[in-house]
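A.B. asks: Have a look at the structure that comes next, please.
The values are calculated or read from the model by the stated rules, or taken from the named source; none is laboratory data. All of these numbers come straight from a predicted model, not from anything done at the bench. For neighbour counting, all protein chains shown are included, and Cβ atoms are generated from backbone atoms with ideal geometry for every residue, glycine included. Calculation scope for accessible area: heavy atoms of the full protein, side chains included, ligands and nucleic acids excluded. Shrake-Rupley method; radii C 1.70, N 1.55, O 1.52, S 1.80 Å.
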Amino acid sequence: MSRNPFDKERAILDQKIGTGLSKLGQAIRSQAWKGAGSQGLTPTQGQALAALAAAPGNAGLRLAEVAEALGVTRPTASEAVTALVRKGLVVKQPDPTDSRAVALSLTEAGRAQAGKAALWPDFLHAAVESLEPAERQVFYRALIKMIRSLQQRGQIPVSQMCVTCRYFRPGVHDDPERPHHCAFVDAAFGEPELRLDCPDHVAAEAALQDENWSRFLEQVVPPLNDPQSSP
């Protein structure tokens, strides 16, 4: 039986996409080491600062939560946190929700360093700006699909995305530019407003996640208008 030529073409394209993503990953790691080195930090330490800075309500995080956010083992997270405490960037305090536990919080110096660490990926912005508006939208939707797939396989930390949230209502509005609804803020929104890490996220049950995901994939996304080309 002859093989479908489109299968071969798709396999070649998949390989090229994988190679391209690998090159982007190499660039991100390289820039992370350069940025971290300029601050006297390792990339893991910089990521830990960023995770603590993103903690809702400045409540701090437990070590296990830092490890989960970074997608590393607890010993690796502990090593990074110990170094940050020694450098005066992180402080250990009693957890306000459990006096037996320890919460990690940023010091004033740590918050300043966290702001600098968050700028490390900025070199990617210039690359994203080379995309047309419609290309950016397609690319972002593809990223959401890839991230969800990797999360389901347990290969990356779980991200607090709109598409997995109990408040997400995909495709419930007739407006093609704002078809989705967030029940938390009771507002319609469009594809560009989909969030990958929302502090108000509450994970939906598996059945609801699957149902919402199917409805999300059914949406036909209209191309974005380029504001520079508008009359």
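A.B. asks: For the condition within 21 Å of Cys198 (Cβ to Cβ), touching a residue at least 24 places away in the same chain (Cβ under 8 Å) and open to solvent by 90 Å² or more (accessible area, probe 1.4 Å), what is the one hit in Arg141, Arg136?
C.D. replies: So the residue among Arg141, Arg136 that is within 21 Å of Cys198 (Cβ to Cβ), touching a residue at least 24 places away in the same chain (Cβ under 8 Å) and open to solvent by 90 Å² or more (accessible area, probe 1.4 Å) is Arg136.
A.B. asks: Let me ask another. Would segment 43-64 turn up any residue that is farther than 26 Å from Cys198 by Cα and at pLDDT 85 or above?
C.D. replies: no
A.B. asks: May I ask you to verify whether Leu41 is part of a helix (DSSP H, G or I) and open to solvent by less than 20 Å² (accessible area, probe 1.4 Å)?
C.D. replies: No: the conditions fail for Leu41.
A.B. asks: Residues in segment 83-116 that are in a strand (DSSP E or B) and closer than 13 Å to Leu49 by Cβ: how many?
C.D. replies: Adding up the residues that qualify gives 5.
A.B. asks: Right, here's the next one. For segment 70-90, name all the residues that are in contact with a strand residue (DSSP E or B) (Cβ under 7 Å, 6 or more places away or on another chain) and open to solvent by 50 Å² or more (accessible area, probe 1.4 Å).
C.D. replies: Correct list: Val85 only.
A.B. asks: Identify all residues within segment 156-213 that are among the β-branched types (Val, Ile, Thr), within 25 Å of Glu135 (Cβ to Cβ) and surrounded by fewer than 18 Cβ atoms within 10 Å (Cβ to Cβ); write none if there are none.
C.D. replies: Ile156
A.B. asks: What number of residues within segment 65-110 are among the basic types (Lys, Arg) and either in contact (Cβ under 8 Å) with a residue 60 or more places away in the chain or within 22 Å of Gln155 (Cα to Cα) (or both)?
C.D. replies: The number of residues fulfilling the criteria is 1.
A.B. asks: Six or more apart or on different chains, Cβ under 9 Å: which pairs go from a residue in segment 9-32 that's closer than 14 Å to Phe123 by Cβ to one that's among the charged types (D, E, K, R)? Could you list them?
C.D. replies: Cβ pairs passing all conditions: Gln31/Asp122.
A.B. asks: Here's another thing I want to ask about it. So, Val128, is that one without any contact (Cβ under 8 Å) to a residue 60 or more places away in the chain, surrounded by 15 or more Cβ atoms within 10 Å (Cβ to Cβ), in a helix (DSSP H, G or I) and touching a Lys or Arg at 6+ places or on another chain (Cβ under 8 Å) or not?
C.D. replies: No, not satisfied.
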